[in-house]
Amino acid sequence: MTFGARASIRLGALRHNLKLIRDLEPRARIMAVIKANAYGHGLLPVAKALADADSLAVARLEEAVAVRQGGVKLPLVLLGGVYSEDELAIARRHDLEIVVHCGHQLRLLEEADDGNVIVWLKIDSGMRRLGFLESEVKDAMARLGRCAAVRELRCMTHLACADDRASGMTERQFRLFSELAGDFDGDLSIGNSPGVLGWSGNIDAMISSGRAGRFWIRPGIALYGVSPFPDGCGADYGLQSVMQFESRLIAAKVLAPGDRVGYGGKWQAERATTLGIVSAGYGDGYSRFLRSGTPVLINGRQVPVAGNISMDSAAVDLGPEATDKVGDPVLLWGEGLPVEDIARHARTIPYQLVCGVMHREPAQFID
């Protein structure tokens, strides 16, 4: 038994979510996104558990190498692409598909003698982050088509506002991407988690357009059971929470009315109560931005955080009749206490919370 905060990762829930997403878009190929340590869930165990995906995607070369060295053979897309001859050589050695999103990367491929690489040309359809602008796409396609290093060319774009169902941006991006792809007969990819869950009609229209290439969706946060939308939670879509972030009670003491708690004394007891100390703090990834009132779950009931989160601990108001004792388990978020709700208390997004788990105590993987 550990008394530190620990993430329990439910791989069965992960596979359930993959199947649910596949059932939503059965004609699409799935590129499962496992960047940032699989959104905090554990890069290699998650990669192995997603064996039924059609491919995997990471952001950085180091992540890709770790996946390959871990024995995972699925097609693997490097979303950030490569930036030097050495990185291109590593990508070739590990049979990576690479994204090309700027002129520097395009020239790198043009200067390569050979390469036999599958390349995803990234089109900027409105995100204004990475990708070729509308005026640059035709030339980039032609140049990559002439590259000896390129075995196959594919195209992708990224949705900027798909988590806002009222925004007209997503419709415009689908339309522009379809227009820019034109007569291109290779594979296309559009549709992150909010795109898949909120814009299935647009995806279905592109799949049904009669193009020769395959269509890929790229779910990320939804694979982990988390809703990409600002309201609700993953369970609203049939998703199951993959991460259970848990700790234990390490102290309990009686407070008198007026007692102040923690750094700065930001919380004051309004009545005689029992204060519990939980072994979880911002050093574990339990954010300093979580405010008093944030719920945790202990012995079947929700109790509120009391005062500022410390590096290694958090105080909670157990209530005047509490019988909780040292060693009792505490759920910080997971099934029964959605991380989406906790994120709203921190005034952030759930992505940041799950990605921020520090794993000071090694994660436990449950099949």
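Rule-based calculations on the coordinates, nothing more; no lab input. The structure presented is a predicted model; accordingly, all values stated were derived computationally and were not measured. Ideal geometry is used to build each Cβ from the backbone, glycine not excepted, and the neighbour counts take in all protein chains shown.
For region 243-366, the Kirkwood hydrodynamic radius comes to 14.4 Å, computed from all pairs of different C-alpha atoms. Based on alpha carbons, the Rg and Dmax found for region 157-254 are 18.3, 72 Å.
Database remark: amide H of residue 266 closer than 5 angstrom to the amide H of 261, 308 (H placed geometrically; neighbours at sequence offset of 5 or more, or on other chains; Pro and chain starts carry no H). If you take the charge dipole of region 243-366 about its Cα centre, with +1 on Lys and Arg Cβ and -1 on Asp and Glu Cβ, which of 348, 364, 296 is farthest toward its positive end? The Cα lying farthest towards the positive end belongs to 348. Each Lys and Arg Cβ is given +1 and each Asp and Glu Cβ -1; about its Cα centre, region 11-226 then shows a dipole of about 540 debye. Starting from the Cα of residue 253, draw a straight line to each of the aspartates and glutamates and keep only those under 13 Å, dropping any in the same chain fewer than 8 residues away. Within the straight-line cut-off, residue 253 pairs with 317, 321, 324. The residue among 233, 104, 58 whose Cα reaches farthest toward the positive pole of the charge dipole of the chain, with charges on the beta-carbon of Lys, Arg, Asp and Glu, is 233. Each peptide in 214-220, 20-26 was scored by the mean count of other Cβ atoms within 10 Å over its residues; highest first, the order is 214-220, 20-26. Ordering 129, 175 by the number of other Cβ atoms within 10 Å of each residue's own Cβ, fewest first, gives 129, 175. Placing +1 on each Lys and Arg Cβ and -1 on each Asp and Glu Cβ, with no other charges, gives the chain a dipole about its Cα centre of roughly 420 debye.
For region 258-270, backbone phi angles converted through the Karplus equation (6.51, -1.76, 1.60; θ = phi - 60°) give residue-by-residue couplings of x, 4, 9, 10, x, 4, x, x, 6, 10, 10, 5, 8 Hz, Gly and Pro being listed as x. According to the Cα-based calculation, Rg over Rh for region 11-226 is 0.95, with Rh computed by the Kirkwood formula. Where both bridge residues fall in the chain, DSSP classifies roughly 50% of the beta bridges as antiparallel. Here the residues 155, 233, ranked from fewest to most Cβ neighbours within 10 Å of their Cβ, fall in the order 233, 155. Pairs from the list 19/48; 266/325; 19/122; 73/138; 35/73 with a Cα-Cα gap above 22 Å: 266/325; 19/122; 73/138.
When the charge dipole of the chain is built from unit charges on Cβ atoms (+1 for Lys and Arg, -1 for Asp and Glu) and taken about the Cα centre, the candidate among 329, 189, 202 whose Cα reaches farthest toward its positive end is 329.
Normalise the Cα radius of gyration of region 114-202 by 2.2 N^0.38 Å (N = residues in it) and let me know the number.
My calculation over the Cα atoms of region 114-202 gives 1.14.
Over the chain, with a single point scatterer placed on each C-alpha, what log10 of the ratio I(q)/I(0) does the Debye formula yield at q = 0.07, 0.10 1/Å? Relative scattering, expressed as log10 I(q)/I(0), comes to -0.37, -0.68. The H on the amide N of residue 214, modeled in the peptide plane, is under 5 Å from the matching H of 187, 188, each at least 5 residues off or on a different chain.
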